[in-house]
1. Restricting attention to region 114-131, report how many residues are under 15 Å from the mean Cα position of the chain (by Cα), in contact (Cβ under 8 Å) with a residue 40 or more places away in the chain and over 21 Å from A96 (Cβ atoms).
2. Could you say whether any residue in region 4-13 is part of a helix (DSSP H, G or I) and among the aliphatic types (A, V, I, L, M)?
3. Filter region 107-128 down to the residues that are surrounded by fewer than 18 Cβ atoms within 10 Å (Cβ to Cβ) and touching a strand residue (DSSP E or B) at 6+ places or on another chain (Cβ under 8 Å), then identify the one that is nearest to L24 (Cα to Cα).
4. Mind listing whichever residues of region 84-106 are outside any helix (DSSP H, G or I) and surrounded by 16 or more Cβ atoms within 10 Å (Cβ to Cβ)?
5. Please give the strands (runs of 3 or more DSSP E) falling wholly within region 21-82 in which 2 or more residues are in contact (Cβ under 8 Å) with a residue 40 or more places away in the chain and crowded, with 19+ Cβ neighbours inside 10 Å.
6. Please enumerate the residues belonging to region 62-95 that are more than 15 Å from the chain's Cα centre (by Cα) and hydrophobic (A, V, I, L, M, F, W, C).
7. Which one is nearest to R124 (Cα to Cα) among residues in region 11-23 that are more than 15 Å from the chain's Cα centre (by Cα) and not polar (S, T, N, Q)?
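What follows draws every value from the coordinates through simple rules; no lab data is involved. Since this is a predicted model, take the numbers as computed values, not measurements. Neighbour counts are summed over all protein chains in view; Cβ atoms, including those assigned to glycine, are modelled from backbone coordinates with ideal geometry.
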Amino acid sequence: MRAVAQRVARAQVTVDGAVTGAILCGLLVYLAAAPADGDAEVEWCARKLAELRIFLDDGGRMNRSVEEAAGAVLLVSQFTLYADTRKGRRPSFFDAAPPELAEPLIDRVADALRARGLRVEAGRFGAHMLVDAVNDGPVTVIIDSADAQRPRRA
């Protein structure tokens with residue numbers, strides 16, 4: 001799974017003129033699934049998003065997670081995170097999971113975040129969405145479950 005997480009002061013997603021999800025302080029998360037993703041990637045991604053320390057503590061340091069900051073999550077499915085732009089001018093999306101695989105995986109990440117006590121709002125899978133956000137910082141982090149297998153630099 002691949003995610004782009006932004007620390008936001010507020011964010012909302014609109015589909016066909018209706019707000020489907022809105023949060024104040026928290027994370028705006030664009031999330032995509034790959035064909036081989038399963039339980040391990042769902043749990044890893046949910047844990048990483050919930051525990052990522054990118055919120056300010058009382059000393060002004062990024063030392064708190066969205067859980068610790070009592071924030072919320074706005075989860076937006078976005079298969080384009082798996083765009084392959086190496087060749088030509090039109091991206092290929094071959095590395096993204098097809099909708100019938102991706103939608104339940106993204107729903108499971110939302111459920112895993114809720115199980116941790118987080119309030120989770122969402123867009124609508126497969127819909128044309130308008131996302132409005134006020135980035136806080138700005139702080140934007142890319143999370144990829146493939147990184148869980150990569151050795152960490154010293």
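1. Here the count works out to 4.
2. no
3. Keep residues of region 107-128 that are surrounded by fewer than 18 Cβ atoms within 10 Å (Cβ to Cβ), which gives 107, 111, 114-117, 119, 124-128.
Now drop any that are not touching a strand residue (DSSP E or B) at 6+ places or on another chain (Cβ under 8 Å), which leaves 114, 119, 124-128.
Working: R114: 17, R119: 11, R124: 19, F125: 21, G126: 24, A127: 23, H128: 22 Å.
So, considering only residues that are surrounded by fewer than 18 Cβ atoms within 10 Å (Cβ to Cβ) and touching a strand residue (DSSP E or B) at 6+ places or on another chain (Cβ under 8 Å), the one nearest to L24 (Cα to Cα) is R119.
4. From region 84-106, those outside any helix (DSSP H, G or I) are 84-98; that's our starting set.
Within region 84-106, A96, A97 meet the criteria.
5. So the answer is 26-32, 72-77.
6. Passing the criteria: M62, A69, A70, A83, F93, F94.
7. Step one: list which residues in region 11-23 are more than 15 Å from the chain's Cα centre (by Cα), which gives 14-20.
From what is left, the residues that are not polar (S, T, N, Q) are 15-19.
Numbers: V15: 7, D16: 10, G17: 13, A18: 11, V19: 10 Å.
Here the answer is V15.
To keep it simple, each residue is scored yes or no on (1) touching a helix residue (DSSP H, G or I) at 6+ places or on another chain (Cβ under 8 Å); (2) of a type in the set (S, T, Y); (3) more than 24 Å from A115 (Cβ to Cβ).
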position	(1), (2), (3)
A5	yes, no, no
D16	no, no, yes
E68	no, no, no
F79	yes, no, yes
A83	no, no, yes
